[in-house]
Amino acid sequence: MSVGVDATEWRRVLDLANSGEIVLHPEIGKGLDKACDDYLDRLDAILQMADRVKIIDGFGPFPSGQVLREKFASKAAGTEQSLDAVLMQHIDAVKIAKEVVAKAIANFVELDQSRADQFTGLDAQP
């Protein structure tokens, strides 16, 4: 079972943006950039709260209690499917998405300037 986010698709989209195939109007991108920043802030806050659940205690001294402690501790940290790892996968994906937005905006501005330069010097002839 897959847990978390696979940033592979976002990397593929970033490759498309880097090749100039994706353009985005700056006004639209500005809103997306802010949405990414807000989401990153929330994920960072959750990641900080997740530190509190890394130390699991209170299951008692019996072997079954120790097994439960280890099981729940592995859900919090230390494995590919633990809470901290999944949160980091989300953070990485959002950072790549933010790069995509920035590059797509840069592509739009470059394309817009290129088109404007093509028309420079063309005056309406009477």
**OP:** Report, by residue number, each residue of the range 51-80 that is polar (S, T, N, Q) and either surrounded by 13 or more Cβ atoms within 10 Å (Cβ to Cβ) or touching a strand residue (DSSP E or B) at 6+ places or on another chain (Cβ under 8 Å) (or both).
**Re:** SER74, THR79
Original post:
Which one is nearest to LYS98 (Cα to Cα) among residues in the range 31-50 that are surrounded by fewer than 15 Cβ atoms within 10 Å (Cβ to Cβ) and in contact with a helix residue (DSSP H, G or I) (Cβ under 8 Å, 6 or more places away or on another chain)?
Top reply: ASP37
**OP:** Would you check if GLU110 is within 22 Å of CYS36 (Cβ to Cβ), over 21 Å from the mean Cα position of the chain (by Cα) and surrounded by 10 or more Cβ atoms within 10 Å (Cβ to Cβ)?
**Re:** yes
**OP:** Specify which of the listed residues (VAL94, VAL101, VAL109) is assigned to a helix (DSSP H, G or I) and either within 13 Å of ALA7 (Cα to Cα) or of a type outside the set (A, V, I, L, M) (or both).
**Re:** VAL94
**OP:** Test each condition in (1) in contact with a Cys (Cβ under 7 Å, 6 or more places away or on another chain); (2) surrounded by fewer than 11 Cβ atoms within 10 Å (Cβ to Cβ); (3) not charged (D, E, K, R) for ALA116 and report the one that comes out false.
**Re:** (1)
**OP:** Tell me, yes or no, whether the range 15-26 has at least one residue that is among the charged types (D, E, K, R) and within 30 Å of GLN113 (Cβ to Cβ).
**Re:** yes
Original post:
Does any residue of the range 65-72 turn out to be of a type in the set (Asp, Glu) and closer than 26 Å to LYS95 by Cα?
Top reply: no
**OP:** Report yes if some residue within the range 21-43 is assigned to a loop (DSSP other than H, G, I, E, B), among the small types (Gly, Ala, Ser) and in contact (Cβ under 8 Å) with a residue 60 or more places away in the chain; otherwise report no.
**Re:** no
Original post:
Quick one: which of SER64, SER82, SER74 is under 21 Å from VAL5 (Cβ atoms), among the hydroxyl-bearing types (Ser, Thr, Tyr), at pLDDT 85 or above and out of contact with any Pro (no Cβ under 7 Å at 6 or more places or on another chain)?
Top reply: SER82
Subject >> Number of positions in the range 15-36 that are within 12 Å of the chain's Cα centre (by Cα) and modelled with pLDDT of 95 or more >> reply: 0
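The values are calculated or read from the model by the stated rules, or taken from the named source; none is laboratory data. Source: prediction; values computed, not measured. With ideal geometry, Cβ positions are generated from the backbone for all residues, glycine too; neighbour counts draw on all protein chains shown.
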